[in-house]
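See structure below.
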Amino acid sequence: MSAENSINLKGLDIPYSLNYGRVKSPKLKYSYGKLEVSVPKNFKTPEELLHKHKLWIYRRHVEYTNTLHESSSRQLLNRSEEALREIVMFHIKSISDELGVMPDKVTFRKMKTKWGSCSSKKRVNLNRHLMHLPESLIEYVVFHEMAHLIELNHSFRFWNVIDSRYADRKEYDRQLSAYWHLIQETN
């Protein structure tokens, strides 16, 4: 069973769907401007749950609104997969020299939820949608994935590697979110 509602936080009406179902514990998910609240069938106080997490909800909503605004001033680039491969391989070589690591394999595929990934087998997978991004953002994603060759998780050590070159990484992440939104709109 699902119901459409909204919660008012600091003057903003944030829509949410309330789903009673087969979950063991309450879950909140904010995606593309919509809050999804999933609770067990016998859950009595979803309003208390929302109140408890109102700051998290508000921040996600503001972040999404800012991403929408940011994406309106961006434009997707139109480069070929071959051009993307050349850019990526150039940066892999450069970053490899800098970090002292080299992936065993680099693959390109369309991914639905992320820009890239790195496996414990030293395989770097990159989203083909990177072809639509400025080169500086492609380089940032490649650096991020290659940093995983040093530290596979998102630990403090990993972020130190990222910060060694990208002290302003939050700005890069903000731009990536704006482009991600644009790509989702066109697909």
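The values are calculated or read from the model by the stated rules, or taken from the named source; none is laboratory data. Small disclaimer: the values here were computed from a predicted structure and weren't measured. Quick reminder, even Gly has a Cβ in these numbers, built from the backbone with ideal geometry, and neighbours come from all protein chains shown. Keep in mind that these areas ignore ligands, DNA and RNA; they rest on the heavy atoms of the full protein, side chains included. Shrake-Rupley method; radii C 1.70, N 1.55, O 1.52, S 1.80 Å.
A few points about this structure:
- Here the chain has 50 percent of its accessible surface on carbon and sulfur atoms, given a 1.4 Å probe and all protein chains in place.
- Gyration tensor verdict on region 77-132 (Cα atoms; rounded if a/c is under 1.5, prolate if a/b is larger than b/c, oblate otherwise): oblate
- Alpha-carbon centroids, region 77-123 and region 145-176: separation in whole Å: 15 Å
- Rounded to 0.05, the FRET efficiency of the E185 and K114 pair, given R0 = 22 Å and the Cβ-Cβ distance, is 0.80.
- Listed residue (V101, H53, L76) projecting farthest to the positive dipole end of region 2-122, Cβ model: H53
- A 1.4 Å probe run over the chain, with the rest of the protein chains in place, finds 60 Å² accessible per residue.
- For the chain, the Kirkwood estimate of the hydrodynamic radius, built from every pair of different alpha carbons, is 18.7 Å.
- Sequence of V88, V62 when ordered by accessible area, the most exposed leading, probe 1.4 angstrom: V62, V88
- FRET efficiency for the pair S72 and D13, taken as 1/(1 + (r/R0)^6) with r the Cβ-Cβ distance and R0 = 25 Å, rounds to 0.75.
- Of the trypsin sites (Lys or Arg not before Pro) in region 69-161, those whose Cβ has at most 10 other Cβ within 10 Å and which sit in DSSP loop: K110, K112, K121
- Charge dipole (Cα centre; +1 on Lys/Arg Cβ, -1 on Asp/Glu Cβ; no other charges) of region 1-76 amounts to roughly 360 debye.
- Per-residue ³J(HN,Hα) for region 110-117, Karplus 6.51 cos²θ - 1.76 cosθ + 1.60, θ = phi - 60°, Hz, x for Gly and Pro: 6, 10, 8, 10, 8, 7, x, 8
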